[in-house]
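Taking it in order: structure first as structure tokens, then the write-up.
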Amino acid sequence: MAMPLGPFWLLPLLLSAVCGLTCPLLGTVLVLRRRVQTTNLMAYAVLPGVVISQALDLSPLLGGLLSALGSVLLAESLSATRPEGSGQAEAVLNTVLAASLGLGVLLVQALALPVDLDSLLFGDLLVAGPADLLLLLLALALVVALLCWQLTQLEWLALDPEGAEARESSLGPLRRLLAALTALVVVSATAAVGLALVMALICAPSLAALARGDTSLRRILRRAALVGLVVSTGSCGLALLLNLPPGPLMACACLPLLMVQAREVAVTASEDSL
Amino acid sequence: MDPPLLQARGLFFGHGPRPLLGGIDLDLPAGSRTVLLGDNGAGKSTLLRLLQGALPPHGGWVKLEGRPLRGQRRRVALLPQSAPLAWHYPIDLLGLVALGADGDRQCGLAALRQVGLEALARRAIGQLSGGQRQGALIARALAQNADVLLLDEPLAALDAPSRHRLGALLRLLSARGTAILLTLHGERPESLGPVRQLVLRQGRLRPESFFC
């Protein structure tokens, strides 16, 4: 009997595995920093950059990174004068997100470019190449390095940024590094899950790891990476067996994960209240 | 003569003919306990932020041991009335306090011992009561080697036993050399002991008075 998974499937599986590790590791930091909305904006804002770079025959990676970071700067400048805590900044951010997506689609039409919007938005592991794997490995290495060398500063950033400033800890460079790394992870995960679905892999494993009420960030990060690895490679394997698109299957697999956690969170909360 | 631990001269903040703070002179010697009183909007919180360097003054200066505050701000801990801390963050009390000592858990444990919260070291910070949270922030300030504690309404929302405990803790810390300045609205707890009292009104500190 022929093996269902031969060497042909090795690259997609490796890609999904590295993506399944990278996204949740960074995602845990982003969830704790309450930067999920900004990451979502980045994911969609990659599109116009990728399209323009294709039109100019430049690297899509560079175009995507610049576009993602530019959109965040634009959203932050547009919301800077809005009252804090009013929800208006969030509304601005979502408007920039929609506009970025719209701009990307318009550019594809206007420039008549042969861009496969489906694979950009929803990923296509079968057309991904070794360069995509290398890019994801680079992103993973940078995320792990950041977590190893800046964990205490990252905790300050998420827990008490004002307190950190009062200690004269300079968090500005770390903030910028984190933003650049987020853009890199989003762009590099495009091949595996696509721009529209990457958020599921960033958020759901992190939420699963946080649901148990653990108080050690290192343990939470390890658990998030493990859950992400299982979801990602499991979905990829299943997609290959059933001839389904892996990206959407990964995103769908995250939903039952949340449902299981909802029960766990409720149990932890009731234990806390006792 | 040694300069006071924290010294402010001519602190000015605000614009127009009626600035919020119009030239504040203040000395906080080591081991002193000072209570700052004043109506809502009198500028108490602003003054505390100026003394910590969190807010740049429009005039005047603040010095710590005779040297500019810049570069030694971590020795002056400001505990805002409602600290914008993510209390849902997954970290235990010891982890939070150790952050003040750049992650040194031994130092964090020593600080927790000082404030009497050692037994709660492994408790998630989200499970701490209001009084315990104040204690946690004070312990973190101690772990970061703070010589001056500036507390903005630390007794607000605390029940009588918690007020008593916090007052006793502040008295103990000042006896060990920490300079303490706190703002109050209601009555001070007796456990705080004798304090120097200052009143901030119309942008100026009124003459000092002592009570026991």
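Take the stretch B:7-54 and flag every residue that is over 15 Å from B:Arg206 (Cα atoms), of a type in the set (D, E, K, R) and touching a residue at least 60 places away in the same chain (Cβ under 8 Å).
B:Arg18, B:Arg33
Any residue at all in the stretch A:120-134 that is more than 14 Å from chain B (Cβ to nearest Cβ) and within 30 Å of B:Arg70 (Cα to Cα)?
no
In the set A:Ala211, A:Ala158, A:Ala166, which member is within 11 Å of chain B (Cβ to nearest Cβ), touching a strand residue (DSSP E or B) at 6+ places or on another chain (Cβ under 7 Å) and small (Gly, Ala, Ser)?
Checking each option against the conditions leaves just A:Ala166.
Here are the criteria: (1) in a helix (DSSP H, G or I); (2) within 14 Å of another protein chain (Cβ to nearest Cβ); (3) not charged (D, E, K, R). Tell me which single one A:Leu178 does not satisfy.
Every listed condition holds for A:Leu178 apart from (2).
Looking only at the stretch B:133-161, count how many residues are assigned to a helix (DSSP H, G or I) and within 26 Å of B:Arg105 (Cα to Cα).
11
Just to be sure before I move on: is A:Ser235 more than 14 Å from chain B (Cβ to nearest Cβ), in contact with a helix residue (DSSP H, G or I) (Cβ under 8 Å, 6 or more places away or on another chain) and among the polar types (S, T, N, Q) in the structure I sent?
It is true that A:Ser235 is more than 14 Å from chain B (Cβ to nearest Cβ), in contact with a helix residue (DSSP H, G or I) (Cβ under 8 Å, 6 or more places away or on another chain) and among the polar types (S, T, N, Q).
Can you say whether B:Gly186 is free of Cβ contacts under 8 Å to residues at least 60 places away in the same chain, over 29 Å from A:Ser216 (Cα atoms), open to solvent by 20 Å² or more (accessible area, probe 1.4 Å) and not in a helix (DSSP H, G or I), as far as the supplied structure shows?
It is true that B:Gly186 is free of Cβ contacts under 8 Å to residues at least 60 places away in the same chain, over 29 Å from A:Ser216 (Cα atoms), open to solvent by 20 Å² or more (accessible area, probe 1.4 Å) and not in a helix (DSSP H, G or I).
Among the helices (runs of 4 or more DSSP H) lying completely within the stretch A:120-167, list those that include at least 3 residues that are touching a residue at least 12 places away in the same chain (Cβ under 8 Å).
A:130-149, A:151-159
Can we say A:Ser188 is more than 14 Å from chain B (Cβ to nearest Cβ), out of contact with any Phe, Trp or Tyr (no Cβ under 6 Å at 6 or more places or on another chain), closer than 18 Å to A:Gly27 by Cβ and not aliphatic (A, V, I, L, M)?
Yes: the conditions hold for A:Ser188.
Can you tell me which residue within the stretch A:144-153, out of those that are more than 11 Å from chain B (Cβ to nearest Cβ) and closer than 19 Å to A:Arg34 by Cβ, is farthest from the chain's Cα centre (by Cα)?
A:Gln150
When the stretch B:118-133 is examined, which residues are found to be more than 10 Å from chain A (Cβ to nearest Cβ) and open to solvent by 20 Å² or more (accessible area, probe 1.4 Å)?
B:Glu118, B:Ala119, B:Leu120, B:Ser129, B:Gly130, B:Gly131, B:Gln132, B:Arg133
May I ask you to say which residue of A:Leu201, A:Leu159, A:Leu184 is open to solvent by less than 10 Å² (accessible area, probe 1.4 Å) and touching a helix residue (DSSP H, G or I) at 6+ places or on another chain (Cβ under 6 Å)?
A:Leu201
Criterion first (within 14 Å of another protein chain (Cβ to nearest Cβ), within 15 Å of the chain's Cα centre (by Cα) and open to solvent by less than 40 Å² (accessible area, probe 1.4 Å)) does A:Ala224 satisfy it?
It is true that A:Ala224 is within 14 Å of another protein chain (Cβ to nearest Cβ), within 15 Å of the chain's Cα centre (by Cα) and open to solvent by less than 40 Å² (accessible area, probe 1.4 Å).
I'm told A:Leu240 meets every condition in (1) modelled with pLDDT of 90 or more; (2) closer than 30 Å to A:Ser59 by Cβ; (3) in contact with a helix residue (DSSP H, G or I) (Cβ under 8 Å, 6 or more places away or on another chain) except one. Can you identify the failing condition by its number?
The single condition A:Leu240 does not satisfy is (1).
Which residue, of B:Pro90, B:Pro161, is without any contact (Cβ under 8 Å) to a residue 40 or more places away in the chain and within 13 Å of chain A (Cβ to nearest Cβ)?
B:Pro90
So which residues in the stretch A:162-181 are open to solvent by less than 10 Å² (accessible area, probe 1.4 Å) and modelled with pLDDT under 85, if there are any at all?
Correct list: A:Arg167 only.
Pairs needed: first member in the stretch A:49-64, in a helix (DSSP H, G or I); second member anywhere, buried (at least 22 other Cβ atoms within 10 Å of the Cβ) and not small (Gly, Ala, Ser); C-beta distance under 6 Å; at least 6 residues apart or different chains.
A:Pro60/A:Val50; A:Leu61/A:Val187; A:Gly63/A:Val50; A:Gly64/A:Val46; A:Gly64/A:Val50; A:Gly64/A:Val187
Given the residues A:Ala68, A:Ala110, A:Ala75, A:Ala89, which is the only one that is farther than 20 Å from A:Gly194 by Cβ and open to solvent by less than 10 Å² (accessible area, probe 1.4 Å)?
Of the residues listed, the single one that is farther than 20 Å from A:Gly194 by Cβ and open to solvent by less than 10 Å² (accessible area, probe 1.4 Å) is A:Ala75.
With the requirement that a residue be modelled with pLDDT of 85 or more, over 18 Å from B:Ser45 (Cβ atoms) and either surrounded by fewer than 24 Cβ atoms within 10 Å (Cβ to Cβ) or in contact with a Lys or Arg (Cβ under 9 Å, 6 or more places away or on another chain) (or both), what does the stretch B:140-149 give you?
B:Gln144, B:Ala146, B:Asp147
Looking at B:Arg74, B:Arg49, B:Arg67 in this structure, which one is out of contact with any helix residue (DSSP H, G or I) (no Cβ under 7 Å at 6 or more places or on another chain) and within 8 Å of chain A (Cβ to nearest Cβ)?
After ruling out the rest, the residue left standing is B:Arg74.
Based on what the data block shows, is B:Asp152 more than 8 Å from every other protein chain (Cβ to nearest Cβ), open to solvent by less than 30 Å² (accessible area, probe 1.4 Å), within 18 Å of the chain's Cα centre (by Cα) and on the phi < 0 side of the Ramachandran plot?
Against the criterion (more than 8 Å from every other protein chain (Cβ to nearest Cβ), open to solvent by less than 30 Å² (accessible area, probe 1.4 Å), within 18 Å of the chain's Cα centre (by Cα) and on the phi < 0 side of the Ramachandran plot), B:Asp152 qualifies.
The values are calculated or read from the model by the stated rules, or taken from the named source; none is laboratory data. Everything numeric in this text was worked out from a predicted model, so none of it was measured. Neighbour counts run over all protein chains shown; Cβ positions are idealised from the backbone, glycine included. These area figures cover heavy atoms from the full protein model, side chains too; ligands, DNA and RNA do not enter into them. Shrake-Rupley method; radii C 1.70, N 1.55, O 1.52, S 1.80 Å.
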